[in-house]
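Notes to accompany the following structure.
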Amino acid sequence: MAREVRTRNKIPMRQCTGCREMKSKKEMLRVLRTEEGEIVLDATGRKNGRGAYLCLNPECLKKARKNKGLERSLKTEIPEEIYEKLERELNAIEQK
């Protein structure tokens, strides 16, 4: 008798830097610091660089800004204009 082998696919989990909740990687947005030091949103989740994750909720970006969660995760200071750019992009994604 052959034994039935069951394999369960692991779902990658990530922690939001704003609300600190664990969610699946697909439900989150990756914020990335490139090798050049540029801060960008990574919609694919595959770009090279140091990444941090945020929920798609704009409130999480506000919390991460207040507690400096993104700065800590990305190990760099983030200027105000970058936060504003991230907020605009996050709102555009939410509108879709």
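All of the numbers you see were taken from the coordinates with simple rules; none came from a lab. Owing to the predicted nature of the structure, the values given are computational and were not obtained by experimental measurement. With ideal geometry, Cβ positions are generated from the backbone for all residues, glycine too; neighbour counts draw on all protein chains shown.
Observations on the model:
- Between 0 and 90°, nearest 10: helix 80-95 axis offset from the chain longest Cα axis: 50
- Sorted by Cβ neighbour density within 10 Å, fewest at the top, the residues Lys66, Lys85, Lys96: Lys96, Lys66, Lys85
- Secondary structure note: in the chain, about 95% of the DSSP beta bridges are antiparallel.
- Max mean-square fluctuation residue, GNM over the chain, Cα-Cα springs under 10 Å, options Ile11, Ile39, Ile82: Ile11
- Calculated mean residue ellipticity, 222 nm, the chain: -9500 deg cm²/dmol, from DSSP H runs (n ≥ 4) at -39500 (n - 2.57) each, averaged per residue and rounded to 500.
- Labels on offer are [x] 65, 29, 25; [y] 59, 35, 17; [z] 47, 34, 21, and the one holding Cα extents along the principal axes in Å computed from this structure is [x].
- Per residue, the average separation of C-alpha pairs within less than 8 Å and at least 6 apart gives the chain a relative contact order of 25 percent.
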